[in-house]
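Below is one structure, written out as structure tokens; the observations come after it.
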Amino acid sequence: MNNLENFSPASSDTGFTETIETVDVVGHFIQGGLVAKTTRKQAVYHPATGQVSKQVALADTALVNQVVELAQQAFPEWRDTPVIKRARVMFKFKQLLEENADKLCELIGQEHGKICHDAKGELQRGIENVEYACGAPEFLKGEFSKNVGPDIDSWSEFQPLGVVAGITPFNFPAMVPLWMFPMAIVCGNCFILKPSEKTPSAALYLAELLKQAGLPDGVFNVVNGDKEAVDALLHHPKVQAMSFVGSTPIAEYIYRTATSTGKRCQALGGAKNHAIIMPDADIDNVVNSLLGAAFGSSGERCMALSVAVAIGDEVADLVIEKLKLEMQQLKYGHYADEQNDFGPLITQAHKEKVEAFIQSAEQQGAKIVVDGRNAKPLGYETGFFVGPTLIDQVSSEMVSYQQEIFGPVLQVIRVATMQEAMQLINEHEYGNGTCIYTRDGEAARYFTSHVQVGMVGVNVPLPVPVAYHSFGGWKRSLFGDLYAYGPDGVRFYTRRKTITQRWPSAQIRECKQFAMPTLN
Ligand code: NAD
């Protein structure tokens, strides 16, 4: 039953009358239908033109509280649904995602600005998490030990937590939510997603597809909003766990607040990802892979390589010379033009912030080799563009090195030895991703063993773990103990229960025993 009588979505056969493509105020997806009610709203931009394209409704505390209650009501039936049936919803969902990929990528392009080929890549990585979730009957089998004592068997089972929530960033409108909710749902939880208010539509479309896949109403809900909605989720006693992905200051706030109210929490934060270029590396390969890893998605990826640490001046000079040439060929512009390598930044404010970092590097003594400021691609002069930027002679004292830029800016640091390069990485506040380019197995092995970073590549610039591993950084790139998705995702969204059971045979009599039971 839909308890949201005072809200606007009329219930029809499909549960909603509008579709995400027809709205100009992006609302919420609650109890199986689109809900447009809002007291506050905020502009959503088309970043390639700089124009406002629509508005997004911002949920207030009262709305969030109602959604939690509805999700809580849906929980018992979903928890008790056989796991194979929950997995079947995921199989169908995967099929629908593939069939509707173009529409989803279009929504991502409109609001985020990333080029269609990049949006397709994001979606594919997200779908792989749905594929992993389809294996729930296997990974939820639990653990069993027969005869742990006389007539005693023991097993551990993994039970869902209840209502859980996810807060996601603007830069992966589909993939990061897909890191979270397929796993949470297939494990038997009900999920409330609060997407970024800058890219709110993809999440609603995912919700529509999940409904089409057969998910019961109330199991997956989307509330769009800002800090008010997040705080309402953080403080609601019926929300059992919070998954967060976003910037480090907010990740830390979420983690501290959630855990202080007794919730389980994983909060993934920002990054500064270094690539070490050893003198024996294949420099042409390095340059090709650095281009995509630094400038793909305008550098708005938490795994973007933003610092190249060259071992020796000879390596640095060669890499810079080749990069400079290649960077002249890079194209940026509108998301629908597949010829483009990357798109705009997310907002005007973010564009100005990225340009201010470039300026600060210059003021602190770095050399701007390729300057992407004042980028105005033809026909999109008012968009939020920064062109590809290369900065040499960067040092660890510079603000542009210490902080995350999150733009198409690659900085080069020159050091004399690999030890010096590793010291830089290990002393940096972030520890999300890193990579070493080398042909030397011994150096690579030393690097992977000793670098203080959660996700490490050897000649792989973006070592984003596949869906059957788990994703997370070290240091201030992750607050919490469990990584996102994969095996850690199963553990995060379930609670272990261990049962020890005896069915005594008629011959065995229980005797009084006051010492700790043992099997001597
Ligand atoms: P953000 O921290 O500004 O926002 C993330 C989410 O938090 C959004 O849903 C937003 O509405 C909410 N939020 C923002 N301010 C809040 C506040 N004061 N209180 C409560 N909630 C708040 O991040 P963003 O700009 O959307 O995304 C970019 C950041 O995310 C970068 O730092 C990037 O490195 C990081 N990121 C990290 C990963 C990872 O896996 N480690 C992945 C993607 C992005």
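The values are calculated or read from the model by the stated rules, or taken from the named source; none is laboratory data. What you see is a predicted model, and the numbers here were worked out from it, not measured in a lab. Here the Cβ positions follow ideal geometry from the backbone for every residue, glycine too, while neighbour counts run over all protein chains shown. Note: accessible area is taken over every heavy atom of the protein model, side chains too, but ligands, DNA and RNA are not part of it. Shrake-Rupley method; radii C 1.70, N 1.55, O 1.52, S 1.80 Å.
Return one number: the angle in degrees, 0 to 90 and rounded to the nearest 10, between the long axis of the Cα atoms of helix 418-427 and the longest principal axis of the Cα atoms of the chain.
Value to nearest ten degrees: 50.
Please compute the contact order of the chain in relative form: average sequence separation of alpha-carbon pairs under 8 Å and at least six residues apart, divided by the residue count, as a percent. Before the final figure, lay out each step's value.
Values: 1169 pairs, mean separation 89.7, N = 520.
Relative CO of the chain lands at 17 percent.
Along the charge dipole of the chain, Cβ charges K/R +1 and D/E -1, which of M303, Q72, C190 sits furthest on the positive end?
Comparing the listed Cα positions along the dipole, Q72 ranks first.
In deg cm²/dmol and to the nearest 500, what is the mean residue ellipticity at 222 nm of the chain if only DSSP H runs of at least 4 residues count, each as -39500 (n - 2.57), divided by the residue total? Before the final figure, lay out the partial values.
On the way: 16 runs with 191 residues, N = 520.
So the calculated ellipticity at 222 nm is -11500 deg cm²/dmol.
Can you give the relative contact order of region 271-456 as a percent, counting alpha carbon pairs under 8 Å and 6+ residues apart? Working shown, then result.
Details: 352 pairs, mean separation 57.4, N = 186.
Across region 271-456, relative contact order equals 31 percent.
What do you get for the angle between helix 175-186 and the principal long axis of the chain? Use alpha-carbon atoms, 0 to 90 degrees, nearest ten.
Relative to the chain, helix 175-186 is tipped by roughly 10 degrees.
Determine the dipole magnitude for the chain: charges of +1 sit on the beta-carbon of Lys and Arg, -1 on that of Asp and Glu, nothing else is charged, the reference point is the Cα centre, and the result goes in debye to the nearest 20. List each step's numbers first, then the result.
Details: 46 positive and 58 negative charges, 363 e Å.
Computed about the Cα centre, the dipole is about 1740 debye.
If packing is taken as the average number of other Cβ atoms within 10 Å across a peptide's residues, how do 103-109, 354-360 rank, most packed first?
Highest to lowest by the protection proxy: 103-109, 354-360.
Among G343, N285, V394, whose Cα projects farthest towards the positive end of the dipole of region 271-456, with charges put on the beta-carbon of Lys, Arg (+1) and Asp, Glu (-1)?
Value: G343.
Taking only the alpha-carbon positions of the chain and ignoring solvent, what does the Debye formula give for the base-10 log of I(q)/I(0) at q = 0.08, 0.10, 0.12 Å⁻¹?
Log10 of I(q)/I(0), two decimals: -0.54, -0.81, -1.09.
Region 396-420 to region 242-310: how many Å between their Cα centroids?
Going from one Cα centre to the other spans 13 Å.
Would you mind checking the tilt of helix 313-327 against the longest principal axis of the Cα atoms of the chain, expressed as 0 to 90 degrees and rounded to 10?
Around 80 degrees separate the two axes.
Evaluate the charge dipole of region 271-456 about its Cα centre and quote only its size in Debye, nearest 20, assuming +1 on the Cβ of each Lys and Arg and -1 on the Cβ of each Asp and Glu.
Details: 13 positive and 25 negative charges, 74 e Å.
It works out to roughly 360 debye.
Cα centroids of region 311-383 and region 31-61: how far apart, whole angstrom?
30 Å
In Å², and per residue, what accessible area does region 214-341 have when probed at 1.4 Å with the other protein chains present?
Details: 4520 Å² over 128 residues.
Ligands and nucleic acids excluded, the result is 35 Å² per residue.
Going highest first, how would you order 238-249, 32-43 by mean Cβ packing within 10 Å?
238-249, 32-43
How big is region 271-456 along each principal axis, measuring the range of its Cα positions in Å and listing the largest first?
Principal-axis extents of region 271-456 (Cα, largest first): 51, 30, 28 Å.
Largest first and in whole Å, what are the equivalent-ellipsoid semi-axes of region 180-331 based on the Cα gyration tensor, each being the root of 5 times an eigenvalue?
On the way: eigenvalues 340, 72, 35 Å².
Ellipsoid half-lengths, sorted descending, are 41, 19, 13 Å.
Amide H of L305: which non-local residues (sequence gap of 5 or more, or other chain) have their own amide H closer than 5 Å, using H built in the peptide plane?
A294
Show me the ranking of peptides 424-437, 501-514 by mean Cβ neighbours inside 10 Å, starting with the highest.
Details: 424-437: 23.4, 501-514: 7.5.
For the peptides 424-437, 501-514, the packing ranking is 424-437, 501-514.
Label 7 Å along Cα→Cβ of S145; region 492-513 residues with amide nitrogen under 14 Å?
498-501
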